[in-house]
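Shown next, in structure tokens, is the structure this report addresses.
The values are calculated or read from the model by the stated rules, or taken from the named source; none is laboratory data. Predicted model, so just to flag it, every value in this text is computed and none were measured. No Cβ is skipped: glycine too gets one built from the backbone with ideal geometry, and neighbour counts run over all protein chains shown.
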Amino acid sequence: MGKRICEALNCLIEVLFPDKKFCLYCGKLEEYRFGLCNFCYAEVLKNKMTNKILRQYPLKVSFDEAYSVFRYEKMARDIIIKLKYKEKIELSLVIAYFMKELLDELNLKFDCIVPVPIFKSKKSKRGFNQALAIADNLSRLTFVPVLDCVEKIKNTKSQTLFNDFDRWYNVKEVFKCKKDLTGKTVLLVDDVFTTGATAHYVSCALKECNAKKVIVLTFAS
């Protein structure tokens, strides 16, 4: 519902004010970049990072590379919270814009975009999977198809309830890939990278279906 209302409002604004749009974060009517007004855009850039997470990673993992656009702090964190828990699904477009910029900067090439899945009961309660919403918008920007091919086959408690060590056991062997990915480089998309446990076990499922390479991309870390 929120997305449809936002789209309708944006259409009206484009007719009445062709050079102006609403900021998708604060709602201010102003020219903007990446869906944000000038102030919000400048604020979120304060948390920007472009490091290659895997270079600092102490464990052997199934994904090949991992990147994140922002530190999980302040406005970047708030964008994710508003998206996931306050039904601001339009913010998935803001996230996709920043992800696309990083992909271009790093010149990353991939054959398909796969969102990290959530369990069906959680998706039903929330109304959407935030990773899929991000992936769909990123697909429109990159012209690379989305393959929603991984299923979460067990319902687990939220990762936020566990310490770093226990997060690995909470999501162990709960993901299953439903499609042959022979020879494909997969861009695995999610909102947040914390310990890497979810990314690792989803990547395990992708590699079991013959994915050649898995690149993890998140909005924040």
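What single numbered condition from (1) surrounded by fewer than 20 Cβ atoms within 10 Å (Cβ to Cβ); (2) modelled with pLDDT of 90 or more fails to hold for L161?
Result: L161 passes all but (2).
Hey, any hits in segment 109-125 for a residue that's of a type in the set (A, V, I, L, M) and assigned to a helix (DSSP H, G or I)?
No: segment 109-125 contains no residue that is of a type in the set (A, V, I, L, M) and assigned to a helix (DSSP H, G or I).
Only residues that are polar (S, T, N, Q) and at pLDDT 85 or above: list them for segment 37-68, please. Can you show your working first?
As a first pass, look at segment 37-68 and keep what is polar (S, T, N, Q): 38, 47, 50-51, 56, 62, 68.
Hits for segment 37-68 are N38, N47, S62, S68.
Say we look at segment 185-221 and pick out the residues that are in a loop (DSSP other than H, G, I, E, B) and either β-branched (V, I, T) or closer than 14 Å to A131 by Cβ (or both); which of these is modelled with the highest pLDDT?
Per the criteria, the residue is F193.
Which residues, taken from segment 130-156, are part of a loop (DSSP other than H, G, I, E, B) and crowded, with 22+ Cβ neighbours inside 10 Å?
Filtering segment 130-156 for residues part of a loop (DSSP other than H, G, I, E, B) gives 143-145, 147-149, 153-156.
Answer for segment 130-156, where residues must be part of a loop (DSSP other than H, G, I, E, B) and crowded, with 22+ Cβ neighbours inside 10 Å: there is none.
For residues that are buried (at least 21 other Cβ atoms within 10 Å of the Cβ) and of a type outside the set (V, I, T), scanning just segment 113-128, find the one that is farthest from the chain's Cα centre (by Cα).
So, considering only residues that are buried (at least 21 other Cβ atoms within 10 Å of the Cβ) and of a type outside the set (V, I, T), the one farthest from the chain's Cα centre (by Cα) is P117.
Out of the residues in segment 55-79 meeting the condition of being touching a helix residue (DSSP H, G or I) at 6+ places or on another chain (Cβ under 8 Å) and assigned to a helix (DSSP H, G or I), tell me which one is surrounded by the fewest Cβ atoms within 10 Å (Cβ to Cβ).
Top of the filtered list is K74.
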